[in-house]
Amino acid sequence: MGGRIQAISGPTVTVDLKGLKLYERVYVGNAMLTGEVVRLEKEKAVIQIYEDTRGLAVGEPVKGVGMPLTVRLGPGLLGGMFDGLQRPLERLRQDMGPFITGGKEVYALDYMKRWKFTPVLKAGEAPTMGTVIGTVDEGAFKHYIMCGNYSGVKVAHMRDGDISLDEPLGEYEDGREIPGCNEWPVRMARPYRRKFAPAEPLITGQRSIDFLFPLARGGTAIFPGGFGTGKTILEQSVAKFADVDIVVYVGCGERGNEMADMIAEFEELQDPWSKRPLRERTVLVVNTSNMPVAAREASIYTAVTMAEYYRDMGYHVLFLADSLSRWAEALREISASLEEMPGEEGYPTYLASRLSGFLERAGVVETMNGRIGSLSMILSVSPPGGDFTEPVTQACLRTTGAFLMLDTSLAHRRHYPAINWFQSYSLYAKEVAGHYREKVSAEWDEMLLRCRQLLQQEEALREVAEIVGAEGLQDTDRMLMRTAERIRTEFLQQNAYSDDAFSPPDRTLAIIKGIVNDHDRAMGKLKQGASLEEAV
């Protein structure tokens, strides 16, 4: 099925090809650029191209593939680095050099590599969607190869031993081969049996998050902040130290040098939980600011589909995107080229529904094979000028469970992570509080309450101190301000490039408990008539 290009407008082209379906994948032009059908009319279709359209001409051929934009799911994803279309960047670099040209089709998985395959399915059994066929060892992880859409037919025989992905794992009784990898449409959420409310904490190693605004496995959170507030460093710190099995990190429109630094750092660091190289548990989807804008939109869906795949194996997966604002800007640019009616600040009117549909893919689920897995999402947002009333931040507020506001004034004072402890919130605090009481200490809730009280009392005293000066305050008030200063500098601040970058819950509690106990002892001495210097 082929047609011709009729018109070109930036990343979108109009073609005279009939018989296409919405969101079908197509190859455009002599260069065979990858595109996707985004609008259908009577005699023509509008295609969004995910690669650079420079040099594309009217009249060039267009070919429909007959299937939507998909990703390949199988062994070899972990430790990989892909672009927004799931093309492995290292293999592209070997073929093309540092600059990627359009129209290059590269398999996401290495079909030459051999894996030690152990079958789980036996002859005579009829697998269904999600049934585990067998396992291979992918680094430190056991990779469960699962049945795709083709199911319900009994297995004739299974293979065992060293197998590459271009070889069948076995055969069904009707003669169909059992593949070692599957393809899945990126815009379709992978199915599951049922969903649970998040109940276990997602430990990040950041004291201000784990203690004041805890996250939950299967939950969603956003880090909105203006320029220079430390969004990227905070997301990278969470990616390094989070208590999860798999991390999928998307650099959506990020600067290339930041991604290069992150990749180099991940090669050297160890996972604090498993003591294995950090790169072994990470999948990177890199779509830097100089790559085609349209591919930013695809990169988010590509990455979350890979994350769901590992969730279906029963693993706890963390999905991080930096930054969601650039994904929304790509939506705005594509919407403008399609001449759609603009919404607030030029964003498409469907921004909120598209965003909520994507965020709904997070959660704790019972998978189709009966395992329990989770997919947590942490997204950074870059509101222009630090304006949190802009549409992307507001759309995220309605659909996420935690809002960790990064404050420009804190960043200017070199307070990192610059999380504002008065404006931020987490809806998961009550759900995970019991876990901290049982697993860490029964004093967790008490210390949390005391910490918040001290910070609130200091904020109330700050205005008075600015008027009369610190020396004009009573000794008890000055002591309170000293303690609050200690909480800010010794507890809430963390250097991402020091040994203090990761703080487990027991250490977090020990630090705040020491500060609060010192405060109580000093206040007791002040009540007995001691001076502030003697009490301290």
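What number of residues within the stretch 486-517 are acidic (D, E) and at pLDDT below 95?
Total satisfying the criteria: 2.
Within the stretch 401-450, track down each residue that is among the aliphatic types (A, V, I, L, M) and under 15 Å from G228 (Cα atoms).
Once the filter is applied, which keeps residues that are among the aliphatic types (A, V, I, L, M) and under 15 Å from G228 (Cα atoms), the stretch 401-450 yields M405, L406, L410, A411, A418, I419.
As an exercise: evaluate L526 against (1) in a helix (DSSP H, G or I); (2) among the aliphatic types (A, V, I, L, M); (3) within 20 Å of R207 (Cα to Cα) and give the number of the one condition it does not meet.
(3)
Kindly evaluate Q48 against the criterion of being in contact with a strand residue (DSSP E or B) (Cβ under 7 Å, 6 or more places away or on another chain), surrounded by 21 or more Cβ atoms within 10 Å (Cβ to Cβ) and not in a strand (DSSP E or B).
no
Consider I467 against the criteria (1) in a helix (DSSP H, G or I); (2) surrounded by 11 or more Cβ atoms within 10 Å (Cβ to Cβ); (3) among the hydrophobic types (A, V, I, L, M, F, W, C): it satisfies all of them except one. Which criterion is unmet?
(2)
Just checking, does the stretch 218-227 include any residue being out of contact with any Ser or Thr (no Cβ under 9 Å at 6 or more places or on another chain) and surrounded by 23 or more Cβ atoms within 10 Å (Cβ to Cβ)?
Quick first cut of the stretch 218-227, residues out of contact with any Ser or Thr (no Cβ under 9 Å at 6 or more places or on another chain) only: none.
For the stretch 218-227, residues out of contact with any Ser or Thr (no Cβ under 9 Å at 6 or more places or on another chain) and surrounded by 23 or more Cβ atoms within 10 Å (Cβ to Cβ): absent.
Does Y301 meet the test of being surrounded by fewer than 17 Cβ atoms within 10 Å (Cβ to Cβ) and either of a type outside the set (F, W, Y) or out of contact with any Leu (no Cβ under 6 Å at 6 or more places or on another chain) (or both)?
For Y301, the condition - surrounded by fewer than 17 Cβ atoms within 10 Å (Cβ to Cβ) and either of a type outside the set (F, W, Y) or out of contact with any Leu (no Cβ under 6 Å at 6 or more places or on another chain) (or both) - is not met.
R450 - would you say it is touching a Phe, Trp or Tyr at 6+ places or on another chain (Cβ under 8 Å) and within 20 Å of I512 (Cβ to Cβ)?
Numbers: touching a Phe, Trp or Tyr at 6+ places or on another chain (Cβ under 8 Å): no; within 20 Å of I512 (Cβ to Cβ): yes.
Against the criterion (touching a Phe, Trp or Tyr at 6+ places or on another chain (Cβ under 8 Å) and within 20 Å of I512 (Cβ to Cβ)), R450 does not qualify.
Determine if the stretch 387-397 includes at least one residue that is small (G, A, S) and farther than 30 Å from Y350 by Cα.
Narrowing the stretch 387-397 to residues small (G, A, S): 395.
Adding the requirement that they be farther than 30 Å from Y350 by Cα leaves none.
Within the stretch 387-397 (the criterion being small (G, A, S) and farther than 30 Å from Y350 by Cα), the answer is no, since none of the residues qualifies.
If we keep just the residues of the stretch 471-516 that are assigned to a loop (DSSP other than H, G, I, E, B) and among the small types (G, A, S), which is farthest from F241 (Cα to Cα)?
S498
How many residues does the stretch 51-71 contain that are closer than 23 Å to A321 by Cβ, assigned to a loop (DSSP other than H, G, I, E, B) and not acidic (D, E)?
Qualifying residue count, the stretch 51-71: 1.
Any residue that is of a type outside the set (A, V, I, L, M, F, W, C), under 18 Å from P292 (Cβ atoms) and not in a helix (DSSP H, G or I) - is there at least one of those in the stretch 12-22? Walk me through how you get there before you give the answer.
Step one: list which residues in the stretch 12-22 are of a type outside the set (A, V, I, L, M, F, W, C), which gives 12, 14, 16, 18-19, 21.
Filter again for under 18 Å from P292 (Cβ atoms), leaving 12.
Narrowing further to those that are not in a helix (DSSP H, G or I): 12.
Scanning the stretch 12-22 turns up at least one residue that is of a type outside the set (A, V, I, L, M, F, W, C), under 18 Å from P292 (Cβ atoms) and not in a helix (DSSP H, G or I).
For R354, are the conditions met, namely being in a helix (DSSP H, G or I), free of Cβ contacts under 8 Å to residues at least 24 places away in the same chain and of a type outside the set (V, I, T)?
yes
Take the residues in the stretch 476-492 that are crowded, with 18+ Cβ neighbours inside 10 Å and under 29 Å from the mean Cα position of the chain (by Cα), then tell me which one is nearest to S441 (Cα to Cα).
Restricting to residues being crowded, with 18+ Cβ neighbours inside 10 Å and under 29 Å from the mean Cα position of the chain (by Cα), the top hit is F491.
Regarding the stretch 312-322, can at least one residue be identified that is in contact with a His (Cβ under 9 Å, 6 or more places away or on another chain) and at pLDDT 90 or above?
yes
Quick check on my filter: what residues within the stretch 506-536 are under 15 Å from C451 (Cα atoms), surrounded by 14 or more Cβ atoms within 10 Å (Cβ to Cβ) and not aliphatic (A, V, I, L, M)?
Matches in the stretch 506-536: T508, K513, D518, H519.
Given the options I233, I209, name the one that is crowded, with 21+ Cβ neighbours inside 10 Å, in contact (Cβ under 8 Å) with a residue 40 or more places away in the chain and within 30 Å of P417 (Cα to Cα).
Working: I233 fails: crowded, with 21+ Cβ neighbours inside 10 Å.
Answer to the check: I209.
Tell me which residues, restricted to the stretch 412-446, are surrounded by fewer than 20 Cβ atoms within 10 Å (Cβ to Cβ) and in a helix (DSSP H, G or I).
Within the stretch 412-446, H412, A429, K430, E431, A433, G434, H435, R437, E438, K439, D445, E446 qualify.
I'm checking my understanding of the structure. Among residues of the stretch 178-202 that are of a type in the set (D, E, K, R) and closer than 23 Å to T128 by Cα, which one is surrounded by the most Cβ atoms within 10 Å (Cβ to Cβ)? Outline the logic, then answer.
As a first pass, look at the stretch 178-202 and keep what is of a type in the set (D, E, K, R): 183, 187, 190, 193-195, 200.
Now narrow it down to the ones that are closer than 23 Å to T128 by Cα: 183, 187, 190, 193-195.
Details: E183: 16, R187: 16, R190: 22, R193: 12, R194: 8, K195: 13.
The extreme case among them is R190.
For the stretch 181-298, please list each of the strands (runs of 3 or more DSSP E) lying entirely inside it that holds at least 2 residues being within 30 Å of E446 (Cβ to Cβ) and in the same structural domain as E366 (by TED's automatic domain parsing).
Strands (runs of 3 or more DSSP E) meeting the threshold: 220-224.
Please go through the stretch 156-206 and give me each residue that is touching a residue at least 60 places away in the same chain (Cβ under 8 Å), closer than 28 Å to M67 by Cα and among the aromatic types (F, W, Y), ordered by number.
W184, Y192, listed by residue number.
What pairs can you find where one residue is in the stretch 332-344 and assigned to a loop (DSSP other than H, G, I, E, B), the other is aliphatic (A, V, I, L, M), and their Cβ atoms are less than 8 Å apart, with a gap of 6+ or different chains?
Final answer for the pair search is L338/V38; L338/V46; G343/L351.
Pairs needed: first member in the stretch 516-536, in contact (Cβ under 8 Å) with a residue 24 or more places away in the chain and closer than 16 Å to Q474 by Cβ; second member anywhere, assigned to a helix (DSSP H, G or I) and of a type in the set (D, E); C-beta distance under 8 Å; at least 6 residues apart or different chains.
L526/D475; S531/D475; L532/D475; A535/D475
Report the residue count in the stretch 405-443 for those that are over 12 Å from S208 (Cα atoms), free of Cβ contacts under 8 Å to residues at least 60 places away in the same chain and among the polar types (S, T, N, Q).
Of the residues in the stretch 405-443, 2 are over 12 Å from S208 (Cα atoms), free of Cβ contacts under 8 Å to residues at least 60 places away in the same chain and among the polar types (S, T, N, Q).
So, in the stretch 433-460, of the ones that are of a type outside the set (D, E, K, R) and touching a Lys or Arg at 6+ places or on another chain (Cβ under 9 Å), which residue ends up nearest to L480 (Cα to Cα)?
Filtering first and then ranking leaves L455.
The values are calculated or read from the model by the stated rules, or taken from the named source; none is laboratory data. Nothing here was measured: the structure is a model prediction, and the numbers come from that model. In this analysis, Cβ positions are derived from the backbone assuming ideal geometry, glycine residues included, and neighbour counts consider all displayed protein chains.
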